[in-house]
Amino acid sequence: LRKGYGLGAMAMAGGGFSRPVYCCAWPTGEVGAMGLEGAVRLGYRDQLSEIAD
């Protein structure tokens, strides 16, 4: 595993990280709940929608 975010990472881990059977990643691997850009867009969507281009 090199990069895994959100539900895709959970699917690759067999449905969750709470009790994984086996999970292997490169030393530079990244695993997270969601990608940073997507999380910012979701968390600040009201403020971002108010910005005029």
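What net charge is computed for the residues neighbouring residue 51, neighbours being all others with C-beta under 14 Å from the C-beta of residue 51, Lys and Arg scored +1, Asp and Glu -1? Its environment carries a net charge of -1.
Proximity of backbone amide H atoms, modeled 1.01 Å from N, is registered between residue 30 and 3, 4 at under 5 Å, excluding neighbours fewer than 5 places apart on the same chain.
We did not get these values from a lab; they are worked out from the coordinates using the rules stated. None of these values were measured; they are calculated from a predicted model. Positions of Cβ are backbone-derived with ideal geometry, glycine not excepted, and every protein chain shown enters the neighbour counts.
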